[in-house]
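Just below is one structure, and these are the notes that go with it.
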Amino acid sequence: MKLNNKQIIELIETLKQAHPEATCSLDFNTPFEMVIAVMLSAQCTDERVNKTTPSIFNKYNKPEDFANIDITLLEKLIHPCGFYKNKAKNIKACSQKLISDFNGEVPTTMEELIALPGIGRKSANVIMLEAFNKPVGIAVDTHAKRVSNRIGLSSKTDPEKIEQDLLKIIPKEYIGDVNHLFVYHGRKICDSRKPKCDVCPINHLCAKNNVKLPK
Ligand code: SF4
């Protein structure tokens, strides 16, 4: 079933009603803190990132603080978030680039964000939306990918291709809502192993009949 424009809007509005609490689940106070939180969230839960960052941001919350930090100390600080060696290297390099190329400020365009060490398209989308309230794309994480595939909004597996499919059909004014809604829907109802299709408020709009559920 290919959804028409009216059905796409119905789908998003229904999800908004079902998940009114759907917002960014990473804690941050400044765009730079958002950059650090997003980097730490790779392969890690937002919950764990939120438990780790307060004690770090109390002491270190500007690019200058991380640009010259002892790498072993940084690795120790971010250790609970996993992949700490790579993340520490990227946080330090990113902070140095922010100072050398952007006067210590987080840039406000996708192109500039993607050029920062450790920031890919998904992270840049999150930063544009959450730190600057300028949604230009849709962050496709594991939940957004699964929900998009199951509903039938995209048959692709590559997150960037799924994003392109979504951008073709989601009206501009809803772009900023989609990631949060799909993440919450994926966590609460469209579970990876046991989707609760019988109670799903968008089951009449979902290509669920084509969904191959895990055994
Ligand atoms: S009907 Fe089932 S597969 Fe479709 S979105 Fe809802 S829970 Fe997911």
Going residue by residue through the range 28-44, the Karplus relation 6.51 cos²θ - 1.76 cosθ + 1.60 with θ = phi - 60° gives ³J(HN,Hα) values, rounded to whole Hz and with x marking Gly or Pro, of 6, 10, 9, x, 5, 4, 4, 4, 5, 4, 5, 4, 5, 6, 4, 6, 8
Can you give the calculated 222 nm mean residue ellipticity of the chain, where each DSSP H run of n ≥ 4 adds -39,500 (n - 2.57) and the sum is split over every residue, rounded to the nearest 500 deg cm²/dmol? -17000 deg cm²/dmol
So what are the ³J(HN,Hα) numbers for the range 58-66, from phi and the Karplus equation (6.51, -1.76, 1.60; θ = phi - 60°), rounded to whole Hz, Gly and Pro as x? 4, 10, 10, 9, 10, x, 4, 5, 9
What pairs in 59/145; 122/194; 92/194; 92/156; 2/194 have C-alpha atoms more than 31 Å from each other? 59/145; 92/194; 92/156
Phi to ³J(HN,Hα) by Karplus 6.51 cos²θ - 1.76 cosθ + 1.60 over the range 16-26, Hz, x for Gly, Pro: 5, 5, 6, 10, x, 8, 6, 9, 4, 9, 9
To the nearest 20 debye, the range 31-130 has a Cα-centred charge dipole, built from +1 on Lys and Arg Cβ and -1 on Asp and Glu Cβ, of 400 debye
Return the aspartates and glutamates within reach of residue 16: Cα separation strictly under 14 angstrom, same-chain partners fewer than 8 residues apart disregarded; answer none if there are no such residues. 173, 177
Return the long-range amide H neighbours of residue 191 (sequence gap of 5 or more, or a different chain), with a cut-off of under 5 Å between placed amide H atoms. 196
Need the full-extension length gain, residue 48 to residue 85, defined as separation in residues times 0.36 nm minus the C-alpha distance. One decimal, nm. 11.6 nm
Among 186, 42, 61, which residue has its Cα positioned farthest towards the positive end of the charge dipole of the chain, with +1 placed on the Cβ of Lys and Arg, -1 on the Cβ of Asp and Glu, and the dipole taken about the Cα centre? 186
Which loop-located GluC sites (Glu not before Pro) does the range 105-155 contain, where loop means any DSSP state but H, G, I, E or B and the Cβ has at most 15 other Cβ atoms within 10 Å? 105
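Readers should treat all values here as calculations from the given coordinates under stated rules, not as data from a laboratory. Note that the structure is predicted; figures quoted are calculated from it, not measured. Cβ coordinates were reconstructed from backbone atoms using ideal geometry, including for glycine residues, and neighbour counts include every protein chain displayed.
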